[in-house]
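**Q** Let me give you the structure first, and then I'll get to my questions.
The values are calculated or read from the model by the stated rules, or taken from the named source; none is laboratory data. Model, not experiment: these values are computed from the prediction. Ideal geometry is used to build each Cβ from the backbone, glycine not excepted, and the neighbour counts take in all protein chains shown. All accessible areas refer to the heavy atoms of the entire protein, side chains included, with ligands and DNA or RNA removed. Shrake-Rupley method; radii C 1.70, N 1.55, O 1.52, S 1.80 Å.
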Amino acid sequence: MDCAVYLDGVREETDRDPETLDDTLADLTGQDFLWIGVSDPTHEEMERLGGALGLHPLAIEDTLAPHQRPRVDRFSDHLFLSLRIVSYSDDDITTSEVNICLGRHYVLTVRHGGPHLSMARHRAEMVPDRLKQGPIAAVHALVDTIVDRYEDVAAELVTDVEEVESSVFSADRTRDSARIYRLKRETLEFRHAVAPLRDPILRFAQVAEPEDLRPYFRDIGDHLQRALDAIDSIDSLLSNALNAHLAQLSVQQNEDMRKLTAGATLFAIPTAVAGIYGMNFEHMPELTWTYGYPACLAAMGGACLYVYWRFKKSGWL
Amino acid sequence: MDCAVYLDGVREETDRDPETLDDTLADLTGQDFLWIGVSDPTHEEMERLGGALGLHPLAIEDTLAPHQRPRVDRFSDHLFLSLRIVSYSDDDITTSEVNICLGRHYVLTVRHGGPHLSMARHRAEMVPDRLKQGPIAAVHALVDTIVDRYEDVAAELVTDVEEVESSVFSADRTRDSARIYRLKRETLEFRHAVAPLRDPILRFAQVAEPEDLRPYFRDIGDHLQRALDAIDSIDSLLSNALNAHLAQLSVQQNEDMRKLTAGATLFAIPTAVAGIYGMNFEHMPELTWTYGYPACLAAMGGACLYVYWRFKKSGWL
Amino acid sequence: MDCAVYLDGVREETDRDPETLDDTLADLTGQDFLWIGVSDPTHEEMERLGGALGLHPLAIEDTLAPHQRPRVDRFSDHLFLSLRIVSYSDDDITTSEVNICLGRHYVLTVRHGGPHLSMARHRAEMVPDRLKQGPIAAVHALVDTIVDRYEDVAAELVTDVEEVESSVFSADRTRDSARIYRLKRETLEFRHAVAPLRDPILRFAQVAEPEDLRPYFRDIGDHLQRALDAIDSIDSLLSNALNAHLAQLSVQQNEDMRKLTAGATLFAIPTAVAGIYGMNFEHMPELTWTYGYPACLAAMGGACLYVYWRFKKSGWL
Amino acid sequence: MDCAVYLDGVREETDRDPETLDDTLADLTGQDFLWIGVSDPTHEEMERLGGALGLHPLAIEDTLAPHQRPRVDRFSDHLFLSLRIVSYSDDDITTSEVNICLGRHYVLTVRHGGPHLSMARHRAEMVPDRLKQGPIAAVHALVDTIVDRYEDVAAELVTDVEEVESSVFSADRTRDSARIYRLKRETLEFRHAVAPLRDPILRFAQVAEPEDLRPYFRDIGDHLQRALDAIDSIDSLLSNALNAHLAQLSVQQNEDMRKLTAGATLFAIPTAVAGIYGMNFEHMPELTWTYGYPACLAAMGGACLYVYWRFKKSGWL
Amino acid sequence: MDCAVYLDGVREETDRDPETLDDTLADLTGQDFLWIGVSDPTHEEMERLGGALGLHPLAIEDTLAPHQRPRVDRFSDHLFLSLRIVSYSDDDITTSEVNICLGRHYVLTVRHGGPHLSMARHRAEMVPDRLKQGPIAAVHALVDTIVDRYEDVAAELVTDVEEVESSVFSADRTRDSARIYRLKRETLEFRHAVAPLRDPILRFAQVAEPEDLRPYFRDIGDHLQRALDAIDSIDSLLSNALNAHLAQLSVQQNEDMRKLTAGATLFAIPTAVAGIYGMNFEHMPELTWTYGYPACLAAMGGACLYVYWRFKKSGWL
Ligand SMILES: [Mg+2]
Ligand SMILES: [Mg+2]
Ligand SMILES: [Mg+2]
Ligand SMILES: [Mg+2]
Ligand SMILES: [Mg+2]
Ligand SMILES: [Mg+2]
Ligand SMILES: [Mg+2]
Ligand SMILES: [Mg+2]
Ligand SMILES: [Mg+2]
Ligand SMILES: [Mg+2]
Ligand SMILES: [Mg+2]
Ligand SMILES: [Mg+2]
Ligand SMILES: [Mg+2]
Ligand SMILES: [Mg+2]
Ligand SMILES: [Mg+2]
Ligand SMILES: [Mg+2]
Ligand SMILES: [Mg+2]
Ligand SMILES: [Mg+2]
Ligand SMILES: [Mg+2]
Ligand SMILES: [Mg+2]
Ligand SMILES: [Mg+2]
Ligand SMILES: [Mg+2]
Ligand SMILES: [Mg+2]
Ligand SMILES: [Mg+2]
Ligand SMILES: [Mg+2]
Ligand SMILES: [Mg+2]
Ligand SMILES: [Mg+2]
Ligand SMILES: [Mg+2]
Ligand SMILES: [Mg+2]
Ligand SMILES: [Mg+2]
Ligand SMILES: [Mg+2]
């Protein structure tokens, strides 16, 4: 548990005992606030914390239960936000969950797995002027840090989509459908982490207090929209790539079939001719000619060359 | 018929005779209420019950007719809710119907097949404080229990989708289209049970009385949305899987065709050569050579080996 | 022309002469009304009827012109409704048109082909209490009868979709695309008959007078929605079935191609071997062996059996 | 330039000199109006006309520039409408443009190519009662005539779609994809001419003055909607037809491949048997039998017949 | 940096030193304004400029950061617009970014790469009457110039789509999927540059001051809509073209397979017959006939011709 009070925007260490939290809270005035960070709390820890902060039972339940849908929920005197931290490597989107409770004088972040949020805290502490505006400034720092990551991840996904494109349209026979499927699936996972957040954030940006912070939340809404645009693009590029891959496979099969046809014909000619001169008729004048054999071989070779040239010319070989 | 009065949130047995129901009802005050559970009632039973409770004729008709669309309908002094209980096993979604009538002092549940609702009742009875808030608390308990099940079913479906994925991308030749079709079909059935409920529940959450219960109905709306998100994912994964399956089939066919081509060529070479030395020309000098035969066999074998090596190298075999 | 007055909900025969209609109308008070049913009227008949009832010129035009879009249109003192009666047999949806004009003291139904509407009239006359509420009760009876049929038709369509499914996934080679196409096409026709009606009916349900009838029109709206849900399901099942059919065709082709490959190989072996022993080299020691011939046959047979076993084992045959 | 004044709904010729137009206009009172029809005007002509009528510079620019999006645009004291006249022949939708400016006392139509609008003018002049309502009645006549044509064109398109269907499902091998593509493309062009008009017309129908004309514009909106419904149907039928065509192609290929397999097998049998009896082993007892040759031929023939019968029975031939 | 003051719509050069900009600004009255054009500024330059103009920190950040989503953002006393300049060549859409800040007395354009904006400035300076209306007229000139380009680019894309169509439906075997994919991808990029701008521009057109300019911004909105319609068409034509290409590939493969079957059969006949007469039976009467050999050749040739004619007649060759 990382816990500190921010008096006039400046961090001061405080007693981390949940028992005394309500006393600490009661002492806070103006825009001063407590910032509490918890990671994978037990049920008891959350009950105690929630009791001290006066959280709604549903907010306590939701900070504990994983797989929340990203959203912003308003309880009588506090706000509940659920977000996903997204990371990407080896064609795999991984998400972890951060739930945030924002009250008059406190911010509580509850993390389930995933990377530490200290980066967001440091970023916020570097601009004490903004933290002076109260706990909502801390929420902004957290959400901003998480959403910025979405665009990075989208850019990494785009790189992999481009790899797939190259592979689909490369001259070699490649099996791209499994990777395309995989990337489509991860894009879907990514979308479920990002999409539900946009509208609540934009709605929140219209009512956030103090008013000075509204453009900052609107900016987050805009970045969410950009990430969503990128996700839409990626998804539709992947669908197109799969269709193009099917076309490539058909083209290759057509070519193979033409090669098979050409090859079969090339061998069928000497086989048929040889069969004819292998017949046992008594009266087959060519068989007794001195140059019958070489003439026959030449005719076979000539026919094959002619047919080969015809196939080449018409693009069958 | 399971029938009890809840006085100040605590269950008390009561007379189950529909004849005396209106007397019992007339005695109830404050947030006290009757909770009546009926299963597969006859037309007469429902007429009698509906008369006693003062239900609208359409509400009576709809509690009796199966295949209601999930919805929330408001009659002059009572509310009608229709929900689906969903269960899943062996790639098959099964739904049964529960219709609920909520009046000032009563809750009536009418079940058509499907599992017993006693679980929801027990769950509600364990929190008498909430049942003190009147019959709406009983409705919350029922809807909450039913909707929680949706997410479990979605998770089970996801497991089966993952099985299909493995099968599609496994190295063996698998016929996955029938199962994919089947799962898509059940997903559709699932969606029809879940989707129509979300908006009415969210609308109801905005007007429910007492106000304390609104966040609880909002929470149900959120869980419905999560189930719907999962259903959307499943549906689109299955579509992608079918397309990928088509691509896999094409890839396999291309490979088979190349094998056929390679195999045909390997046999065509000795056949053609043997045909040539089977010709009956009188003057074929090779035929009289002492080592003509072994040389010929060696040439055939060599040609075959060379062609085989070429096919191997270029990935045709 | 079927024409009667309903005084206090009870039918009384009346003079059917359009000339005297306005007199009859002028005599009606309270919720009494004229119910006129016409089928395939000529232009003149409609002009006379419309004049007597005071219909808007556009309403007269629209009752005459077939291919109206289902809708509810409000003119100054009367309402115009256009509906489709839908029937289904032999994979064919057939629709016929009913246009309804509802005034203060009259209901006019104009039918173009299709089944008789007397069923709706009888149904209405059996509940005189409801007909006491005026001509709108007659409209409810008509629309209700027509919309109930939609759900029956949807259920019949579902049966045929299930037949198609069985055929697609049956072991035999079936050509299902024509029937799937046909059913998709009829589903589209069905949707065009049903979909445009839902929103106007739901809007009408909010303003209908007397207020008591509103839940009844809301109920019709709900049944329209159910029919639409079924249509959506059918349409998407058929799309999925066509895709699955394509996959089945690919699987069958792959199997055929493997059979071709296996068969060609089985015959290519003895042909090549026989070719070799048909060569005319002078020095071919095997040819002079006493058991050369049977040994050769045995070798051919053995090779074929071995290859056959290999193909069987790997699933190619 | 076709120019006339309509005094109390009746046409009277007037001076066509744009110089004196403003004088003519200034004299008009009540619902009298000028109706000016221009076709492919030069820039100067439009500048002069626009100046005389007091058109907004953007309205002048838009009447001149082709490729306007169909729409209704409101300037301070006049309305600008842009519509497409649609015609269809030989699988080709052709559109031409009509721009209309509607002022207090004038209607100006500017046509770019396409058929003459005199039909609409004659239709309007035949109902002077309606033209008494002012220039908006002229606009109604124009838009009504143009929109009526949309439904005719849609019906012609449907006929061609039915031709395509027959071709796709005919027993002969037909190449339908080019025509399907072509029709889809023209349907798209058609939609772009029709779709953008519906909402502005329906909005206009709610505010048009005099109020008596509103049902007439609503009727146009309804006909636009019907044309759009038809366009949606056509588009989706064509998509389905293309998919069905792909399935038909696969079915045909499967049949061809089975024929190839059967044919190859039928010839492979005598070839292999003949190869065996063409071997040169010294000890091949069958060769010396008196009836060896006919027995061998009979065996070959019998095997072929048996195989042929097997293929026939199993549907491969 | 291109910097000038526009006094009563007429350009006058001014001091370009950012240090004195606030003095210059303080002197401006009425609709006079500063127009500053910057290209690829450094962080410091923007900080200084933004400070002088009183820009919001987020506006400064967004003018610097590339990859803004096209949009219109309102800060307390200035407006921020982000647009994309689009160009197209060799099947490649290239976009560059222009960010615009519009204040009471200034317009600032910040360009990242891409073509110079002087064309828009010259266009604006040619109509001093409009520039008299203040800095918003300069914004109109800029946006109008950029949006006009969108329609040109859409027209160029359409030309390439038509090239692809011809190629798909040409008689030769063409590989069109890569180009179709490429064009779809660029269309997507194009859409992302155009689509997000339409709604904010239409909203801005409703509130822009002075009111005289509103129709001009509405006109830009209309042109954006036209560009979007074209983009939708292109995208759907390309999808259809890819499907048609797949159908063409299937048709070609069917033809190739039939050619293979026909060719194989033509060669199989003489091969089988020759095999039969190559058998070494002692009693084969035909072999001793004087005209056995030519009769056999004639029979082979005749059979081949007959089969060839049959294949031709049935369209297999
Ligand atoms: Mg993942
Ligand atoms: Mg950010
Ligand atoms: Mg990578
Ligand atoms: Mg490749
Ligand atoms: Mg930003
Ligand atoms: Mg089921
Ligand atoms: Mg729950
Ligand atoms: Mg399972
Ligand atoms: Mg597999
Ligand atoms: Mg069902
Ligand atoms: Mg929850
Ligand atoms: Mg039909
Ligand atoms: Mg009904
Ligand atoms: Mg049937
Ligand atoms: Mg089947
Ligand atoms: Mg129809
Ligand atoms: Mg009902
Ligand atoms: Mg294929
Ligand atoms: Mg295919
Ligand atoms: Mg055209
Ligand atoms: Mg009309
Ligand atoms: Mg035609
Ligand atoms: Mg056909
Ligand atoms: Mg009409
Ligand atoms: Mg590009
Ligand atoms: Mg422009
Ligand atoms: Mg080009
Ligand atoms: Mg081509
Ligand atoms: Mg981009
Ligand atoms: Mg324009
Ligand atoms: Mg497809």
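**Q** In this structure, does C:Gln248 turn out to be more than 25 Å from the chain's Cα centre (by Cα), over 22 Å from D:Gln225 (Cα atoms) and either of a type in the set (Asp, Glu) or surrounded by fewer than 21 Cβ atoms within 10 Å (Cβ to Cβ) (or both)?
**A** Values: more than 25 Å from the chain's Cα centre (by Cα): yes; over 22 Å from D:Gln225 (Cα atoms): yes; either of a type in the set (Asp, Glu) or surrounded by fewer than 21 Cβ atoms within 10 Å (Cβ to Cβ) (or both): no.
So C:Gln248 fails the test.
**Q** Just to verify a result, which residue in region B:159-179, among those that are within 9 Å of chain C (Cβ to nearest Cβ) and within 16 Å of ligand 15 (Cβ to nearest atom), is most open to solvent (accessible area, probe 1.4 Å)? Please lay out each step first, then the result.
**A** As a first pass, look at region B:159-179 and keep what is within 9 Å of chain C (Cβ to nearest Cβ): B:172-173, B:175-178.
Narrowing further to those that are within 16 Å of ligand 15 (Cβ to nearest atom): B:175-178.
Values: B:Arg175: 131, B:Asp176: 12, B:Ser177: 2, B:Ala178: 45 Å².
Out of the qualifying residues, it is B:Arg175.
**Q** Which members of region C:207-229 meet the condition of being surrounded by fewer than 20 Cβ atoms within 10 Å (Cβ to Cβ), within 26 Å of the chain's Cα centre (by Cα) and of a type in the set (A, V, I, L, M)?
**A** C:Leu228
**Q** Quick check, is A:Thr145 surrounded by 14 or more Cβ atoms within 10 Å (Cβ to Cβ), within 16 Å of ligand 4 (Cβ to nearest atom) and hydroxyl-bearing (Ser, Thr, Tyr)?
**A** On the way: surrounded by 14 or more Cβ atoms within 10 Å (Cβ to Cβ): yes; within 16 Å of ligand 4 (Cβ to nearest atom): no; hydroxyl-bearing (Ser, Thr, Tyr): yes.
When the stated conditions are applied, A:Thr145 does not pass them.
**Q** Let me confirm something: among C:Leu28, C:Leu83, C:Leu55, which residue is within 13 Å of chain D (Cβ to nearest Cβ) and away from ligand 8 (no atom under 16 Å from the Cβ)? Steps first, please.
**A** Details: C:Leu28 fails: within 13 Å of chain D (Cβ to nearest Cβ); C:Leu83 fails: within 13 Å of chain D (Cβ to nearest Cβ).
The unique qualifying residue is C:Leu55.
**Q** Let me ask something else about it. Restricting attention to region C:56-71, and to residues there that are touching a Ser or Thr at 6+ places or on another chain (Cβ under 8 Å) and at pLDDT 90 or above, which single residue is farthest from D:Gly221 (Cα to Cα)? Working first, answer last.
**A** Going through region C:56-71, the residues touching a Ser or Thr at 6+ places or on another chain (Cβ under 8 Å) turn out to be C:56, C:62, C:68-71.
Among the residues that remain, those that are also at pLDDT 90 or above are: C:56, C:62, C:69-71.
On the way: C:His56: 17, C:Asp62: 14, C:Arg69: 11, C:Pro70: 14, C:Arg71: 12 Å.
Looking at the filtered set, the residue picked out is C:His56.
**Q** Return the residues of region B:155-186 that are among the hydroxyl-bearing types (Ser, Thr, Tyr) and over 25 Å from B:His223 (Cα atoms); say none if nothing qualifies. First the steps, then the outcome.
**A** Narrowing region B:155-186 to residues among the hydroxyl-bearing types (Ser, Thr, Tyr): B:159, B:166-167, B:170, B:174, B:177, B:181.
Residues satisfying the conditions are B:Ser166, B:Ser167, B:Ser170, B:Thr174, B:Ser177, B:Tyr181.
**Q** Can you pull out the residues in region A:119-137 that are closer than 18 Å to A:Met1 by Cβ and open to solvent by 40 Å² or more (accessible area, probe 1.4 Å)?
**A** Passing the criteria: A:Met119, A:His122, A:Glu125.
**Q** Of the residues that sit in region E:232-245 and are open to solvent by 30 Å² or more (accessible area, probe 1.4 Å) and at the interface with chain D (Cβ under 7 Å from one of its Cβ atoms), which one is nearest to E:Thr174 (Cα to Cα)? Quick ask: steps written out before the conclusion?
**A** From region E:232-245, those open to solvent by 30 Å² or more (accessible area, probe 1.4 Å) are E:232, E:235-236, E:239, E:243; that's our starting set.
Cutting the leftovers down to at the interface with chain D (Cβ under 7 Å from one of its Cβ atoms) gives us E:236, E:243.
Details: E:Ser236: 21, E:Asn243: 14 Å.
Ranking the qualifying residues of region E:232-245, first place goes to E:Asn243.
This table checks each residue for (1) within 30 Å of E:Val158 (Cβ to Cβ); (2) aromatic (Phe, Trp, Tyr); (3) out of contact with any Leu (no Cβ under 8 Å at 6 or more places or on another chain).
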site: D:Val168; (1), (2), (3): yes, no, yes
site: D:Glu186; (1), (2), (3): yes, no, no
site: D:Glu189; (1), (2), (3): yes, no, yes
site: D:Arg203; (1), (2), (3): no, no, yes
site: D:Glu211; (1), (2), (3): no, no, yes
site: D:Leu224; (1), (2), (3): yes, no, no
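**Q** In region D:76-90, how many are open to solvent by 50 Å² or more (accessible area, probe 1.4 Å) and under 18 Å from D:Thr63 (Cα atoms)?
**A** 2
**Q** Continuing with this model, one more query. Can you pull out every residue in region D:258-317 that is open to solvent by 20 Å² or more (accessible area, probe 1.4 Å), more than 60 Å from the chain's Cα centre (by Cα) and in contact (Cβ under 8 Å) with a residue 12 or more places away in the chain?
**A** D:Val273, D:Tyr277, D:Ala299
**Q** Within region D:31-55, restricting attention to residues that are assigned to a loop (DSSP other than H, G, I, E, B) and touching a residue at least 40 places away in the same chain (Cβ under 8 Å), which residue is nearest to the chain's Cα centre (by Cα)?
**A** Initially, region D:31-55 is screened for residues assigned to a loop (DSSP other than H, G, I, E, B), giving D:31-32, D:40-42, D:54-55.
Filter again for touching a residue at least 40 places away in the same chain (Cβ under 8 Å), leaving D:31-32, D:40-41, D:54-55.
Values: D:Gln31: 38, D:Asp32: 38, D:Asp40: 25, D:Pro41: 28, D:Gly54: 37, D:Leu55: 34 Å.
Ranking the candidates gives D:Asp40 first.
**Q** With the condition kept exactly as written, say whether any residue in region E:4-18 is touching a residue at least 24 places away in the same chain (Cβ under 8 Å), within 22 Å of E:Arg74 (Cα to Cα) and surrounded by fewer than 19 Cβ atoms within 10 Å (Cβ to Cβ). Talk me through it step by step, then tell me what you get.
**A** Initially, region E:4-18 is screened for residues touching a residue at least 24 places away in the same chain (Cβ under 8 Å), giving E:4-11, E:18.
Checking the rest, the ones that are also within 22 Å of E:Arg74 (Cα to Cα) come to none.
The answer is no; no qualifying residue exists.
**Q** Residues being crowded, with 19+ Cβ neighbours inside 10 Å, outside any loop (DSSP other than H, G, I, E, B) and more than 8 Å from every other protein chain (Cβ to nearest Cβ): count how many of those fall in region A:65-75.
**A** Residues flagged as crowded, with 19+ Cβ neighbours inside 10 Å, outside any loop (DSSP other than H, G, I, E, B) and more than 8 Å from every other protein chain (Cβ to nearest Cβ) within region A:65-75 amount to 1.
**Q** Does A:Leu260 fit the bill of being at the interface with another protein chain (Cβ under 7 Å from one of its Cβ atoms), among the aliphatic types (A, V, I, L, M) and under 26 Å from C:Ala268 (Cβ atoms)? If you could, list the steps in order and put the result at the bottom.
**A** Details: at the interface with another protein chain (Cβ under 7 Å from one of its Cβ atoms): yes; among the aliphatic types (A, V, I, L, M): yes; under 26 Å from C:Ala268 (Cβ atoms): yes.
So A:Leu260 fits the description; yes.
**Q** Hey, another quick one. Residues of region C:210-219 being over 17 Å from C:Phe80 (Cβ atoms) and more than 9 Å from every other protein chain (Cβ to nearest Cβ), which ones? Can you show your working first?
**A** Here is the first cut: in region C:210-219, the ones over 17 Å from C:Phe80 (Cβ atoms) are C:210-216, C:218-219.
The answer is C:Pro210, C:Glu211, C:Asp212, C:Leu213, C:Arg214.
**Q** From the list C:Leu287, C:Leu297, which residue is within 7 Å of chain D (Cβ to nearest Cβ) and on the phi < 0 side of the Ramachandran plot?
**A** On the way: C:Leu297 fails: within 7 Å of chain D (Cβ to nearest Cβ).
Just one listed residue meets the conditions, C:Leu287.
**Q** In region B:151-174, how many residues are in contact (Cβ under 8 Å) with a residue 40 or more places away in the chain and either of a type outside the set (A, V, I, L, M) or on the phi > 0 side of the Ramachandran plot (or both)? Write out each step before concluding.
**A** Restricting attention to region B:151-174, the residues satisfying the condition of being in contact (Cβ under 8 Å) with a residue 40 or more places away in the chain are B:151, B:153-158, B:160-161, B:164-165, B:168-169, B:173.
Then keep just the ones that are either of a type outside the set (A, V, I, L, M) or on the phi > 0 side of the Ramachandran plot (or both); that gives B:151, B:156, B:160, B:165, B:169, B:173.
Summing the residues that are in contact (Cβ under 8 Å) with a residue 40 or more places away in the chain and either of a type outside the set (A, V, I, L, M) or on the phi > 0 side of the Ramachandran plot (or both) in region B:151-174 gives 6.
Condition check ((1) within 16 Å of B:Leu266 (Cβ to Cβ); (2) part of a helix (DSSP H, G or I)) across all residues:
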{"residue": "C:Ala268", "(1), (2)": "yes, yes"}
{"residue": "C:Thr271", "(1), (2)": "yes, yes"}
{"residue": "C:Ile276", "(1), (2)": "yes, yes"}
{"residue": "C:His283", "(1), (2)": "no, no"}
{"residue": "C:Ala295", "(1), (2)": "no, yes"}
{"residue": "C:Ala303", "(1), (2)": "yes, yes"}
{"residue": "C:Trp309", "(1), (2)": "no, yes"}
{"residue": "C:Lys312", "(1), (2)": "no, yes"}
{"residue": "C:Gly315", "(1), (2)": "no, no"}
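**Q** Given the conditions (1) modelled with pLDDT of 90 or more; (2) away from ligand 13 (no atom under 16 Å from the Cβ), report the number of the one that C:Ala26 does not fulfil.
**A** (1)
**Q** Any residue at all in region E:216-229 that's touching a strand residue (DSSP E or B) at 6+ places or on another chain (Cβ under 8 Å) and part of a helix (DSSP H, G or I)? Break it down stepwise before answering.
**A** As a first pass, look at region E:216-229 and keep what is touching a strand residue (DSSP E or B) at 6+ places or on another chain (Cβ under 8 Å): E:218, E:222.
Those left that are additionally part of a helix (DSSP H, G or I): E:218, E:222.
Yes, some residue in region E:216-229 is touching a strand residue (DSSP E or B) at 6+ places or on another chain (Cβ under 8 Å) and part of a helix (DSSP H, G or I).
**Q** Here is a further query. If you scan region A:91-101, which residues turn out to be surrounded by fewer than 21 Cβ atoms within 10 Å (Cβ to Cβ) and not β-branched (Val, Ile, Thr)?
**A** Across region A:91-101, the qualifying residues are A:Asp91, A:Asp92, A:Ser96, A:Glu97.
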